[in-house]
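The values are calculated or read from the model by the stated rules, or taken from the named source; none is laboratory data. Owing to the predicted nature of the structure, the values given are computational and were not obtained by experimental measurement. Ideal geometry is used to build each Cβ from the backbone, glycine not excepted, and the neighbour counts take in all protein chains shown.
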Amino acid sequence: MTPPVATFSSPLDESPLLQAKKNGAQGNGKVTYDVLEDYDGGYRFAPIEEAQVSRAMIKRYFTTMYERAVSDVVIIGAGSAGLSCAYHLGKSRPDLKITIIEAGVAPGGGAWLGGQLMTPMVVRKPADRFLTELGIPFEDEGNFVVVKHAALFTSTILSRVLSMPNVVLMNATAVEDLIIRKDHTGADRVAGVVTNWTLVALNHDTQSCMDPNVITAPIIVSATGHDGPMGAFSAKRMVSAGLLKELGNMRCLDMNRAEPAIVNGTREVAPGLIMTGMELSEHDGSNRMGPTFGAMMASGIKAAKEAIRALES
Ligand code: 48N
(Lines give C-alpha, C1' and ligand atoms only; values in the text may rest on other atoms or scores of the structure.)
Protein backbone atom coordinates (compact mmCIF):
# COMPACT_ATOMS: atom_id res chain seq x y z
CA MET A 1 0.00 0.00 0.00
CA THR A 2 1.64 3.28 -0.98
CA PRO A 3 1.89 5.44 2.14
CA PRO A 4 -0.31 8.53 2.13
CA VAL A 5 1.86 11.58 1.56
CA ALA A 6 1.37 14.90 3.34
CA THR A 7 2.86 18.11 2.00
CA PHE A 8 4.16 20.68 4.43
CA SER A 9 5.48 24.14 3.87
CA SER A 10 8.44 25.07 6.02
CA PRO A 11 6.79 26.60 9.14
CA LEU A 12 10.03 27.64 10.81
CA ASP A 13 12.60 28.91 8.35
CA GLU A 14 15.29 28.75 11.00
CA SER A 15 14.59 25.06 11.58
CA PRO A 16 17.64 22.91 10.62
CA LEU A 17 15.45 19.90 9.94
CA LEU A 18 13.23 21.74 7.55
CA GLN A 19 16.09 23.83 6.15
CA ALA A 20 17.86 20.64 5.09
CA LYS A 21 14.73 19.27 3.53
CA LYS A 22 13.93 22.56 1.84
CA ASN A 23 17.37 22.61 0.19
CA GLY A 24 16.42 19.40 -1.49
CA ALA A 25 12.89 20.55 -2.23
CA GLN A 26 11.51 21.25 -5.64
CA GLY A 27 9.71 24.45 -6.47
CA ASN A 28 8.44 26.84 -3.82
CA GLY A 29 10.15 25.42 -0.75
CA LYS A 30 7.37 22.99 0.00
CA VAL A 31 8.80 19.66 1.06
CA THR A 32 6.93 16.38 1.18
CA TYR A 33 7.12 13.73 3.83
CA ASP A 34 5.51 10.36 3.78
CA VAL A 35 3.50 9.54 6.85
CA LEU A 36 2.59 5.96 7.43
CA GLU A 37 -0.09 4.40 9.63
CA ASP A 38 1.70 1.12 9.95
CA TYR A 39 0.99 -0.68 13.24
CA ASP A 40 3.58 -3.32 12.48
CA GLY A 41 6.53 -1.21 13.60
CA GLY A 42 6.66 1.22 10.68
CA TYR A 43 4.39 3.98 11.98
CA ARG A 44 5.69 7.38 10.77
CA PHE A 45 4.43 10.85 11.80
CA ALA A 46 4.90 13.99 9.79
CA PRO A 47 7.89 15.82 11.34
CA ILE A 48 7.31 18.73 13.67
CA GLU A 49 9.32 21.44 15.33
CA GLU A 50 8.60 21.83 19.07
CA ALA A 51 8.11 25.56 18.67
CA GLN A 52 5.27 24.85 16.24
CA VAL A 53 3.32 23.25 19.09
CA SER A 54 3.86 26.24 21.37
CA ARG A 55 2.86 28.67 18.67
CA ALA A 56 -0.24 26.65 17.78
CA MET A 57 -1.47 26.87 21.38
CA ILE A 58 -0.33 30.42 22.15
CA LYS A 59 -1.83 31.91 19.00
CA ARG A 60 -5.26 30.35 19.61
CA TYR A 61 -5.45 30.77 23.40
CA PHE A 62 -4.44 34.41 23.48
CA THR A 63 -6.46 35.32 20.40
CA THR A 64 -9.48 33.90 22.25
CA MET A 65 -8.62 35.86 25.40
CA TYR A 66 -8.30 39.02 23.32
CA GLU A 67 -11.61 38.46 21.52
CA ARG A 68 -13.54 37.41 24.65
CA ALA A 69 -12.38 40.40 26.72
CA VAL A 70 -15.79 41.71 25.63
CA SER A 71 -18.41 38.95 25.72
CA ASP A 72 -22.20 38.97 25.53
CA VAL A 73 -22.73 36.51 28.38
CA VAL A 74 -20.23 35.17 30.90
CA ILE A 75 -21.19 31.96 32.72
CA ILE A 76 -19.25 31.38 35.93
CA GLY A 77 -18.98 27.65 36.61
CA ALA A 78 -19.19 24.67 34.24
CA GLY A 79 -21.15 22.32 36.46
CA SER A 80 -24.48 20.79 35.46
CA ALA A 81 -26.35 24.08 35.83
CA GLY A 82 -23.74 26.20 34.06
CA LEU A 83 -23.37 23.73 31.19
CA SER A 84 -27.16 23.35 30.81
CA CYS A 85 -27.39 27.13 30.62
CA ALA A 86 -24.56 27.30 28.07
CA TYR A 87 -26.17 24.59 25.94
CA HIS A 88 -29.62 26.20 25.84
CA LEU A 89 -28.22 29.70 25.36
CA GLY A 90 -25.72 28.67 22.71
CA LYS A 91 -28.36 26.74 20.80
CA SER A 92 -31.05 29.45 21.10
CA ARG A 93 -28.76 32.38 20.35
CA PRO A 94 -25.84 31.34 18.14
CA ASP A 95 -25.13 35.05 17.61
CA LEU A 96 -24.09 35.56 21.23
CA LYS A 97 -20.45 35.41 22.38
CA ILE A 98 -20.82 33.09 25.39
CA THR A 99 -17.75 32.68 27.60
CA ILE A 100 -17.66 30.07 30.36
CA ILE A 101 -15.14 30.57 33.16
CA GLU A 102 -14.41 27.36 35.10
CA ALA A 103 -12.02 27.29 38.05
CA GLY A 104 -11.28 23.57 37.76
CA VAL A 105 -8.93 22.05 35.23
CA ALA A 106 -11.76 19.55 34.65
CA PRO A 107 -15.14 21.17 33.97
CA GLY A 108 -18.28 19.34 35.10
CA GLY A 109 -18.44 20.29 38.77
CA GLY A 110 -20.32 17.72 40.84
CA ALA A 111 -21.86 15.96 37.85
CA TRP A 112 -19.20 13.30 37.28
CA LEU A 113 -20.77 11.12 39.96
CA GLY A 114 -24.34 10.47 41.08
CA GLY A 115 -23.83 10.67 44.85
CA GLN A 116 -21.50 9.29 47.54
CA LEU A 117 -19.04 8.48 44.72
CA MET A 118 -21.59 6.16 43.14
CA THR A 119 -21.81 6.53 39.37
CA PRO A 120 -25.50 6.32 38.28
CA MET A 121 -27.26 9.72 37.96
CA VAL A 122 -30.90 10.20 38.98
CA VAL A 123 -33.02 12.76 37.13
CA ARG A 124 -36.63 13.37 38.13
CA LYS A 125 -39.29 13.85 35.48
CA PRO A 126 -39.93 16.14 33.57
CA ALA A 127 -36.21 16.99 33.46
CA ASP A 128 -35.67 13.68 31.59
CA ARG A 129 -36.83 15.56 28.49
CA PHE A 130 -33.48 17.35 28.47
CA LEU A 131 -31.68 14.01 28.46
CA THR A 132 -33.80 12.95 25.49
CA GLU A 133 -32.95 16.20 23.70
CA LEU A 134 -29.26 15.45 24.25
CA GLY A 135 -29.73 11.88 23.08
CA ILE A 136 -28.60 10.43 26.42
CA PRO A 137 -30.03 6.97 27.13
CA PHE A 138 -31.52 6.23 30.54
CA GLU A 139 -33.56 3.65 32.42
CA ASP A 140 -37.11 4.72 33.22
CA GLU A 141 -38.16 4.14 36.83
CA GLY A 142 -41.58 5.79 36.59
CA ASN A 143 -41.27 9.16 38.37
CA PHE A 144 -37.58 9.43 37.63
CA VAL A 145 -34.96 8.09 35.25
CA VAL A 146 -31.42 6.83 35.79
CA VAL A 147 -28.45 7.57 33.52
CA LYS A 148 -26.06 4.64 33.80
CA HIS A 149 -23.09 6.90 34.56
CA ALA A 150 -23.16 10.57 35.49
CA ALA A 151 -20.15 11.05 33.23
CA LEU A 152 -22.32 10.07 30.26
CA PHE A 153 -24.46 13.17 30.89
CA THR A 154 -21.52 15.46 31.65
CA SER A 155 -19.28 14.36 28.80
CA THR A 156 -22.20 14.55 26.34
CA ILE A 157 -23.31 18.06 27.29
CA LEU A 158 -19.69 19.21 27.45
CA SER A 159 -19.03 17.96 23.94
CA ARG A 160 -22.19 19.63 22.62
CA VAL A 161 -21.36 22.94 24.30
CA LEU A 162 -17.73 22.91 23.20
CA SER A 163 -18.70 22.17 19.61
CA MET A 164 -20.80 25.36 19.44
CA PRO A 165 -18.75 27.98 17.56
CA ASN A 166 -20.03 30.84 19.76
CA VAL A 167 -19.18 29.19 23.09
CA VAL A 168 -15.71 29.41 24.65
CA LEU A 169 -14.66 27.55 27.81
CA MET A 170 -11.76 28.95 29.83
CA ASN A 171 -11.07 26.26 32.43
CA ALA A 172 -8.41 26.40 35.17
CA THR A 173 -9.50 30.04 35.33
CA ALA A 174 -11.25 31.56 38.33
CA VAL A 175 -13.59 34.50 38.70
CA GLU A 176 -12.13 36.25 41.73
CA ASP A 177 -14.31 39.32 41.68
CA LEU A 178 -17.18 41.00 39.88
CA ILE A 179 -17.17 44.25 37.91
CA ILE A 180 -19.94 46.46 39.33
CA ARG A 181 -20.61 49.82 37.68
CA LYS A 182 -23.29 52.48 37.95
CA ASP A 183 -25.82 52.22 35.11
CA HIS A 184 -27.49 55.23 33.46
CA THR A 185 -29.94 55.47 36.35
CA GLY A 186 -27.12 55.52 38.90
CA ALA A 187 -27.95 51.99 40.13
CA ASP A 188 -25.27 49.36 40.67
CA ARG A 189 -25.08 46.87 37.81
CA VAL A 190 -22.90 43.80 37.44
CA ALA A 191 -21.01 44.38 34.19
CA GLY A 192 -18.34 41.71 34.02
CA VAL A 193 -15.95 39.48 35.91
CA VAL A 194 -12.43 39.72 37.27
CA THR A 195 -10.38 36.63 36.46
CA ASN A 196 -7.10 34.98 37.23
CA TRP A 197 -5.72 31.54 36.55
CA THR A 198 -7.04 29.45 39.42
CA LEU A 199 -3.61 28.55 40.77
CA VAL A 200 -2.91 32.26 41.02
CA ALA A 201 -6.32 33.06 42.51
CA LEU A 202 -5.75 30.44 45.23
CA ASN A 203 -2.31 31.77 46.06
CA HIS A 204 -2.84 35.45 46.72
CA ASP A 205 -1.72 34.74 50.28
CA THR A 206 1.62 33.39 49.13
CA GLN A 207 2.55 36.16 46.67
CA SER A 208 1.45 39.80 46.62
CA CYS A 209 0.50 41.89 43.59
CA MET A 210 -0.66 39.10 41.27
CA ASP A 211 -3.19 41.35 39.62
CA PRO A 212 -6.13 39.88 37.69
CA ASN A 213 -7.61 40.21 34.23
CA VAL A 214 -11.14 41.34 33.30
CA ILE A 215 -13.93 40.28 30.96
CA THR A 216 -16.88 42.62 30.46
CA ALA A 217 -20.38 41.48 29.53
CA PRO A 218 -23.91 42.88 29.98
CA ILE A 219 -25.08 39.61 31.54
CA ILE A 220 -23.29 37.34 34.02
CA VAL A 221 -24.75 33.95 34.90
CA SER A 222 -23.36 32.62 38.18
CA ALA A 223 -23.45 28.85 38.58
CA THR A 224 -20.73 28.32 41.17
CA GLY A 225 -22.48 25.67 43.23
CA HIS A 226 -22.62 25.38 47.01
CA ASP A 227 -19.40 23.61 47.87
CA GLY A 228 -15.76 23.44 46.87
CA PRO A 229 -13.05 26.05 47.40
CA MET A 230 -15.03 28.77 45.61
CA GLY A 231 -18.61 27.57 46.06
CA ALA A 232 -21.35 30.19 46.02
CA PHE A 233 -18.74 32.75 45.00
CA SER A 234 -21.06 35.42 43.62
CA ALA A 235 -23.59 35.09 46.45
CA LYS A 236 -20.81 35.62 48.99
CA ARG A 237 -19.31 38.50 46.98
CA MET A 238 -22.72 40.17 46.78
CA VAL A 239 -22.82 40.24 50.59
CA SER A 240 -19.30 41.65 50.94
CA ALA A 241 -19.98 44.15 48.12
CA GLY A 242 -23.19 45.33 49.79
CA LEU A 243 -25.55 44.03 47.07
CA LEU A 244 -27.08 41.42 49.44
CA LYS A 245 -27.72 41.91 53.15
CA GLU A 246 -26.79 38.35 54.17
CA LEU A 247 -26.55 34.83 52.80
CA GLY A 248 -29.69 32.74 53.01
CA ASN A 249 -27.56 29.65 53.83
CA MET A 250 -28.56 26.36 52.27
CA ARG A 251 -31.15 24.45 54.28
CA CYS A 252 -31.19 20.72 54.98
CA LEU A 253 -32.15 18.07 52.47
CA ASP A 254 -35.72 17.83 51.18
CA MET A 255 -35.85 16.70 47.55
CA ASN A 256 -39.47 17.58 46.97
CA ARG A 257 -39.04 21.13 48.28
CA ALA A 258 -35.52 21.74 47.00
CA GLU A 259 -35.80 21.03 43.26
CA PRO A 260 -38.80 23.24 42.39
CA ALA A 261 -37.40 26.01 44.65
CA ILE A 262 -34.12 26.08 42.72
CA VAL A 263 -35.75 25.98 39.29
CA ASN A 264 -38.48 28.50 40.06
CA GLY A 265 -36.03 30.69 42.01
CA THR A 266 -33.60 30.96 39.07
CA ARG A 267 -33.55 34.67 38.32
CA GLU A 268 -31.66 37.93 37.97
CA VAL A 269 -30.67 38.39 41.64
CA ALA A 270 -29.05 41.75 40.95
CA PRO A 271 -29.04 43.92 37.82
CA GLY A 272 -26.86 42.07 35.32
CA LEU A 273 -26.40 38.95 37.51
CA ILE A 274 -28.48 35.81 36.99
CA MET A 275 -28.03 33.00 39.50
CA THR A 276 -28.64 29.31 38.80
CA GLY A 277 -28.09 25.87 40.31
CA MET A 278 -27.01 25.16 43.86
CA GLU A 279 -25.48 28.58 44.35
CA LEU A 280 -29.09 29.76 44.66
CA SER A 281 -29.59 27.56 47.73
CA GLU A 282 -26.90 29.58 49.50
CA HIS A 283 -28.28 32.88 48.21
CA ASP A 284 -31.94 32.16 49.02
CA GLY A 285 -31.65 29.70 51.89
CA SER A 286 -33.51 26.97 49.98
CA ASN A 287 -33.17 23.28 50.75
CA ARG A 288 -30.64 20.98 49.20
CA MET A 289 -31.84 18.05 47.13
CA GLY A 290 -28.84 15.72 47.42
CA PRO A 291 -28.13 13.22 44.61
CA THR A 292 -30.68 14.21 41.99
CA PHE A 293 -29.80 16.47 39.06
CA GLY A 294 -33.01 17.43 37.26
CA ALA A 295 -33.20 20.80 38.99
CA MET A 296 -29.67 21.67 37.86
CA MET A 297 -30.59 21.05 34.24
CA ALA A 298 -33.93 22.88 34.42
CA SER A 299 -32.43 25.75 36.39
CA GLY A 300 -29.66 26.12 33.83
CA ILE A 301 -32.21 26.21 31.01
CA LYS A 302 -34.25 28.79 32.91
CA ALA A 303 -31.12 30.88 33.45
CA ALA A 304 -30.55 30.84 29.70
CA LYS A 305 -34.12 32.04 29.11
CA GLU A 306 -33.66 34.78 31.72
CA ALA A 307 -30.41 35.86 30.04
CA ILE A 308 -32.14 36.10 26.65
CA ARG A 309 -35.01 38.06 28.22
CA ALA A 310 -32.58 40.44 29.92
CA LEU A 311 -30.57 40.99 26.72
CA GLU A 312 -33.73 41.62 24.68
CA SER A 313 -35.35 43.97 27.22
O1 48N B 1 -21.66 21.15 40.16
P2 48N B 1 -21.41 22.48 40.76
O3 48N B 1 -20.82 22.54 42.12
O4 48N B 1 -22.73 23.37 40.82
P5 48N B 1 -24.13 23.22 40.04
O6 48N B 1 -25.05 24.20 40.68
O7 48N B 1 -23.91 23.26 38.59
O8 48N B 1 -24.61 21.72 40.41
C9 48N B 1 -24.74 21.38 41.76
C10 48N B 1 -24.85 19.88 41.85
O11 48N B 1 -23.63 19.27 41.42
C12 48N B 1 -25.08 19.47 43.28
O13 48N B 1 -24.47 20.04 44.18
C14 48N B 1 -25.98 18.31 43.55
C15 48N B 1 -27.31 18.42 42.87
N16 48N B 1 -26.07 18.15 44.99
C17 48N B 1 -26.88 18.79 45.76
C18 48N B 1 -26.75 18.60 47.23
O19 48N B 1 -27.75 18.77 47.94
O20 48N B 1 -25.63 18.20 47.66
O21 48N B 1 -20.47 23.30 39.74
C22 48N B 1 -20.00 24.57 40.07
C23 48N B 1 -18.77 24.84 39.23
C24 48N B 1 -17.58 23.97 39.68
O25 48N B 1 -17.04 23.29 38.57
C26 48N B 1 -16.58 24.97 40.26
O27 48N B 1 -15.23 24.63 39.99
C28 48N B 1 -16.96 26.24 39.52
O29 48N B 1 -18.37 26.18 39.39
N30 48N B 1 -16.66 27.48 40.26
C31 48N B 1 -16.02 28.53 39.73
N32 48N B 1 -15.49 28.72 38.50
C33 48N B 1 -14.89 29.91 38.27
N34 48N B 1 -14.78 30.90 39.20
C35 48N B 1 -15.30 30.74 40.43
N36 48N B 1 -15.20 31.71 41.34
C37 48N B 1 -15.95 29.51 40.74
N38 48N B 1 -16.56 29.01 41.85
C39 48N B 1 -16.98 27.77 41.54
Next on the checklist: When you check F153 against the structure, is it crowded, with 20+ Cβ neighbours inside 10 Å, of a type in the set (F, W, Y) and over 18 Å from the mean Cα position of the chain (by Cα), yes or no?
Outcome noted: no
Next on the checklist: Let me spell it out: the conditions are (1) farther than 11 Å from M297 by Cβ; (2) crowded, with 19+ Cβ neighbours inside 10 Å, and V123 meets all of them except one. Which number is the exception?
Outcome noted: (1)
Checklist entry - Is it fair to say I262 is modelled with pLDDT of 95 or more and under 23 Å from S240 (Cβ atoms)? => result no
Checklist outcome for this item: Flagged in the stretch 239-270 as buried (at least 17 other Cβ atoms within 10 Å of the Cβ), over 23 Å from the mean Cα position of the chain (by Cα) and closer than 21 Å to E176 by Cβ, in numbering order, are L243, L244
Checklist entry - Exactly one of (1) within 11 Å of the ligand (Cβ to nearest atom); (2) modelled with pLDDT of 95 or more; (3) surrounded by fewer than 18 Cβ atoms within 10 Å (Cβ to Cβ); (4) of a type in the set (D, E) is unmet by E282. Its number? => result (3)
Item to check | Top-ranked residue in the stretch 218-230 [being within 14 Å of the ligand (Cβ to nearest atom) and either of a type in the set (A, V, I, L, M) or at pLDDT below 95 (or both); ranked as surrounded by the most Cβ atoms within 10 Å (Cβ to Cβ)] | outcome: A223
Item to check | Criterion: touching a residue at least 24 places away in the same chain (Cβ under 8 Å), surrounded by fewer than 19 Cβ atoms within 10 Å (Cβ to Cβ) and within 12 Å of the ligand (Cβ to nearest atom) - qualifying residue of K305, K236 | outcome: K236
Item to check | Subset of the stretch 91-118 [surrounded by 24 or more Cβ atoms within 10 Å (Cβ to Cβ) and away from the ligand (no atom under 12 Å from the Cβ)] | outcome: I98
Item to check | Neighbours by Cβ (under 7 Å, 6+ apart or cross-chain): first from the stretch 271-286, without any contact (Cβ under 8 Å) to a residue 12 or more places away in the chain and closer than 17 Å to S80 by Cβ; second away from the ligand (no atom under 13 Å from the Cβ) and assigned to a helix (DSSP H, G or I) | outcome: none
Checklist outcome for this item: Within the stretch 177-217, the count of residues that are assigned to a strand (DSSP E or B), buried (at least 21 other Cβ atoms within 10 Å of the Cβ) and among the aliphatic types (A, V, I, L, M) comes to 4
Checklist entry - How about the stretch 249-270: which of its residues are within 12 Å of the ligand (Cβ to nearest atom), of a type in the set (A, V, I, L, M) and either farther than 22 Å from F144 by Cα or touching a Phe, Trp or Tyr at 6+ places or on another chain (Cβ under 6 Å) (or both)? => result M250
Item to check | Which numbered condition L273 fails, given (1) buried (at least 17 other Cβ atoms within 10 Å of the Cβ); (2) under 25 Å from V147 (Cα atoms) | outcome: (2)
